[in-house]
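See below for the structure under consideration.
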């Protein structure tokens with residue numbers, strides 16, 4: 001009982017210290033510390049799931065989305081006219097629905113043609129809920145395409161809907177998937193690898209059935225293989241968007257590309273996945289009902305506290321029974337946290353449970369140091385008391 005009280009006292013003191021340190025750090029005016037914070041805040045160990053489970057992530061399931069790269073259409077005065085022709089050709093292949101992932105903020109001579117085409121084919125158009133971009137075209141179906149992140153961060157979450165003028169406006173993926181969602185924001189469970197798409201007409205590119213099939217817009221406009229296009233597009237959700245200027249394999253084009261957890265690099269990720277592919281992942285997730293349940297709030301704090309208390313018991317017992325050096329302490333920490341990485345970042349993610357472990361690891365490392373400090377104070381207090 002005495003040991004439990006001691007552990008409880010140390011644990012409460014530890015949690016209070018962590019809280020004070022966090023609040024102090026958040027409000028410090030030191031720019032260097034905040035720079036370091038910005039460099040590491042985007043790192044989440046849960047992303048390891050995508051690099052260790054490449055052969056398991058929905059690669060067997062047939063993808064329900066087909067991407068079309070409108071970036072291969074010349075950006076001249078006839079772009080919207082060619083886009084209208086493209087929509088009609090795609091519609092002739094009998095897709096389930098068509099989404100147009102573009103903003104159009106100025107008028108041209110071909111606007112009436114494109115608007116008629118959108119209306120005739122009941123095309124889903126994109127709107128910007130944050131008001132940075134306008135869309136002069138209208139449709140009976142429209143969806144929000146913003147991501148709930150800061151600029152430059154890895155896209156791990158997706159809006160199911162956003163409130164605009166008091167109304168719940170569904171996301172672009174929500175409208176295209178036709179699956180109603182209750183929560184406004186959901187964690188994305190990606191079903192693709194790295195950039196997330198492959199060109200079905202490129203014989204040099206290895207077909208990755210885990211990724212979404214993509215077609216160049218000019219290939220459809222030139223009717224290179226109508227039988228093949230119909231095979232891929234029929235009864236599928238089609239997103240017409242920008243995957244790359246001139247061609248979708250343009251590695252130097254970073255327009256509308258984002259950092260995503262499917263990138264195996266945990267630090268300093270590149271802009272690899274076009275926004276349309278993120279929407280496609282969200283659509284597939286909604287259709288497959290493969291949502292991630294995020295462990296947050298009081299439940300997260302409860303589970304984290306129980307795990308930390310278990311580590312406190314382990315470290316405290318070791319400190320009292322053995323006199324180990326710093327190297328052995330580090331090895332103990334590594335040996336005990338590696339199973340946590342496997343359990344939380346791979347096993348739980350595979351089950352659809354999203355439990356962040358990054359801050360937990362930092363607290364475990366700090367806890368070991370905190371016990372040494374607490375023991376030092378205890379010995380000093382006991383020694384002074386003995387001299388009195």
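Coordinate-derived values only; no laboratory data. Every value quoted in this text rests on a predicted model; they were computed, and no experiment measured them. Counting neighbours? That spans all protein chains shown, and the Cβs are built from the backbone with ideal geometry, glycine included.
Values as computed for the structure displayed
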read-out	value
Range of Cα positions in region 65-288 per principal axis (Å), largest first	46, 41, 31
Separation of the residue 168 and residue 222 label points, Cα + 7 Å toward Cβ, nm	4.7 nm
Beta bridges per DSSP with both ends in region 65-288, % antiparallel, nearest 5	30 percent
Average Cα contact separation per residue, region 65-288, under 8 Å, 6 or more apart, as relative contact order %	31 percent
Ranked 43, 155, criterion: other C-beta atoms within 10 Å, fewest first	43, 155
Inter-probe distance in nm under a simple model that places probes 7 Å from Cα toward Cβ, at residue 78 and residue 149	3.8 nm
Footprinting exposure proxy for 240, 371 (fewest neighbouring C-beta atoms within 10 Å first)	371, 240
Globularity index of region 138-254, i.e. its alpha-carbon radius of gyration over 2.2 N^0.38 Å	1.23
Gained length - residue 105 relative to residue 135, 0.36 nm times residue gap less alpha-carbon distance	10.3 nm
Per-peptide average of other Cβ atoms within 10 Å, ordering 44-53, 132-141 highest first	44-53, 132-141
Share antiparallel - DSSP beta bridges, region 155-277, percent rounded to 5	75 percent
Projected-area mean, region 190-294, by convex hull of Cα positions, square nanometres	7.7 nm²
Ordering of 269-282, 107-120 by burial proxy (mean other Cβ atoms within 10 Å per residue, highest first)	269-282, 107-120
